[in-house]
1. For segment 73-102, how many residues meet the condition of being more than 18 Å from the chain's Cα centre (by Cα) and among the small types (Gly, Ala, Ser)?
2. What single numbered condition from (1) charged (D, E, K, R); (2) touching a residue at least 12 places away in the same chain (Cβ under 8 Å); (3) within 19 Å of ALA165 (Cβ to Cβ) fails to hold for GLU197?
3. Kindly evaluate PRO326 against the criterion of being open to solvent by 20 Å² or more (accessible area, probe 1.4 Å), modelled with pLDDT of 95 or more and more than 22 Å from MET209 (Cα to Cα).
4. If you go through segment 239-249 one residue at a time, do you hit one that is under 16 Å from the mean Cα position of the chain (by Cα), touching a residue at least 40 places away in the same chain (Cβ under 8 Å) and more than 25 Å from ALA11 (Cα to Cα)?
5. Go through segment 141-159 and count every residue that is over 22 Å from ALA98 (Cα atoms) and surrounded by 14 or more Cβ atoms within 10 Å (Cβ to Cβ).
6. Across segment 114-124, which residue is nearest to LEU16 (Cα to Cα) among those that are outside any loop (DSSP other than H, G, I, E, B) and either open to solvent by less than 20 Å² (accessible area, probe 1.4 Å) or basic (Lys, Arg) (or both)?
7. Got at least one residue in segment 272-289 being within 13 Å of LEU303 (Cα to Cα), surrounded by fewer than 19 Cβ atoms within 10 Å (Cβ to Cβ) and of a type in the set (Gly, Ala, Ser)?
8. Quick one: which helices (runs of 4 or more DSSP H) lie wholly within segment 1-113 and hold at least 2 residues that are more than 30 Å from THR263 (Cβ to Cβ) and open to solvent by 10 Å² or more (accessible area, probe 1.4 Å)?
Amino acid sequence: MSIRETFLAAARERILMTDGAFGTEIQNWKLSEADYAGTLGLSKDQKGNNDILALTKPEVPEKITQDYLDAGSDMVSTNTFSANRISQADYAAEHLVAEINIASAQIARRLADAAAAKDGKPRFVAGAIGPTNKTLSLSPDVNDPGFREIDFDELTAVYREQCDALIVGGVDFILIETVFDTLNAKAGIMAARQAAEAAGKDVPIMMSMTLTDLSGRNLSGHTVEAFWYAVRHAKPITIGLNCSFGAEQLRPHVKTLSGICDTLIMVYPNAGLPNELGAYDELPEETSALVRQWAVEGQVNVLGGCCGSTPAHIAAIANAVSDLPPRAIPVPPVFTRLAGLEPMNIAA
């Protein structure tokens, strides 16, 4: 079977688990700037450049990835959220984008394959692509609404460079995550498709939106329903939500997506909201109880965690939903479905 078929077959049997946060786990290592910088001799301070650890201190992403696999993750993601030319320019490391992505993908691939060989259960690797710090839909200058820092073709090229490297490194999927701008996500879709075609491989796309307010919109103003209609043409193998708020606040939006999407639903929320010090206090048993309710109501196929989540959170979630069936994929009635900021359904 192809990777797509293998993943879909596993998802028909049970609720699958993805991994949890990388950023907050890396913070626990209390790394110095020298740890980040290694011997690369870059001209800017590297502290906080989590992605470059695949080159300078690979034991950190290796240990975190292994911990998630040991906790029950069926899929692990690459530590490449900011491994793109735009984000790496802040660290004068944009020339290392391909190396970072290939190295990170190889770490995840090697550990996932080892876990699968050990117990016979398939493991998957998602190549994580973050939104960058640019937006195609909005002007950063309040005095010039028409100004854009970047255009669609340029952002597509940025994503293409990252997708090409992730595929070389051995990922199964391209995960376009934490989507705050739907147009950015469309550039990611184009890049992922181009990269897969160039590689001569079927590399399914995963999409994950992040909400910026409790009404259920992202920064570019799209509701979750409008977002789905805007990206459905990409035929993502999973669609869902990540980051944003804790599981409690995501409840109505998970329900909305679950009812309209004819693909798998993957949700990986933060471990609650951060406290005044920026730390996450929601305990594994609290998070797992909240997301179990989605499973009880038949709304999810893949679960995991985002900011503040730990291997203990993943283990608790896996245990909490182990006795529950996965969501059945609905067959929505055929309408013309369009998306501005709001969805528009045109009945026959």
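The values are calculated or read from the model by the stated rules, or taken from the named source; none is laboratory data. Not measured: the values here are computed from a predicted model. Methodologically, a virtual Cβ is constructed for each residue, glycine included, from the backbone with ideal geometry; neighbour enumeration extends over all protein chains shown. All accessible areas refer to the heavy atoms of the entire protein, side chains included, with ligands and DNA or RNA removed. Shrake-Rupley method; radii C 1.70, N 1.55, O 1.52, S 1.80 Å.
1. Residues flagged as more than 18 Å from the chain's Cα centre (by Cα) and among the small types (Gly, Ala, Ser) within segment 73-102 amount to 4.
2. (2)
3. Answer is no for this residue.
4. No, segment 239-249 contains no residue that is under 16 Å from the mean Cα position of the chain (by Cα), touching a residue at least 40 places away in the same chain (Cβ under 8 Å) and more than 25 Å from ALA11 (Cα to Cα).
5. 2
6. This residue is PHE124.
7. Among the residues of segment 272-289, at least one is within 13 Å of LEU303 (Cα to Cα), surrounded by fewer than 19 Cβ atoms within 10 Å (Cβ to Cβ) and of a type in the set (Gly, Ala, Ser), which makes the answer yes.
8. So the answer is 33-37, 53-56, 59-71.
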